[in-house]
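The values are calculated or read from the model by the stated rules, or taken from the named source; none is laboratory data. Keep in mind that this is a model prediction, so the values were computed, not measured. As a convention, Cβ positions derive from the backbone with ideal geometry for all residues, glycine included, and neighbour counts pool all protein chains shown.
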Amino acid sequence: MLTIITVGKVKDQNCKQIIEMYKQRIEQQFTKLKTIEIREEKDKQKETENVLKHLNDSFIVVLDERGKLINSHELSKIINDKINNSVDIIFVIGNYYGITSEIKEKANLILSLSKMTFPHEIAQLVFVEQLYRTFSILKGLPYHRN
């Protein structure tokens, strides 16, 4: 199973609509996708604890601007490997304050979407599109052009 943990709500309705569209496409065409929205807290430690309680022995991927840069094909290989080995994957996307080192320490992979910095809402949008692209690559669908 794939789980996306996000910190904070997507407030922009246009962005939210596109995120939901990609999530629906993933679930309708490929796999179950669970989303956990963590409430933003003034107390960063409390927010961190709220994220940590959802992390388990799954393969944990944290999105961070200083993470590893990979292409869509490399992401599809990672996801395919975990799915083929019945390993659940948890993706963690922080808010505009980022992810604490305590959460990063739990990660099996720290992944960057770009060398550029995005608002957390745009990062969520780009990421769910990349998940959809990943499954399109794995299924040989024409969505991703080489």
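Couple of notes before you dig in:
- Residue that is farthest from H54 (Cα to Cα) [pool: residues in the stretch 94-121 that are among the β-branched types (V, I, T) and modelled with pLDDT of 95 or more]: I110
- Enumeration of residues in the stretch 8-19 that are in contact with a helix residue (DSSP H, G or I) (Cβ under 9 Å, 6 or more places away or on another chain) and at pLDDT 95 or above: C15, K16, I18, I19
- Residue in the stretch 35-51 that is in a loop (DSSP other than H, G, I, E, B) and either under 22 Å from L138 (Cα atoms) or in contact with a strand residue (DSSP E or B) (Cβ under 7 Å, 6 or more places away or on another chain) (or both) present: yes
- Among the residues making up the stretch 67-82, those that are in contact (Cβ under 8 Å) with a residue 40 or more places away in the chain and either surrounded by 18 or more Cβ atoms within 10 Å (Cβ to Cβ) or among the acidic types (D, E) (or both) are L75, S76, I79.
- One residue alone among I137, I93, I89, I103 is buried (at least 16 other Cβ atoms within 10 Å of the Cβ), within 20 Å of V10 (Cα to Cα) and either among the hydrophobic types (A, V, I, L, M, F, W, C) or out of contact with any Pro (no Cβ under 6 Å at 6 or more places or on another chain) (or both), and that residue is I93.
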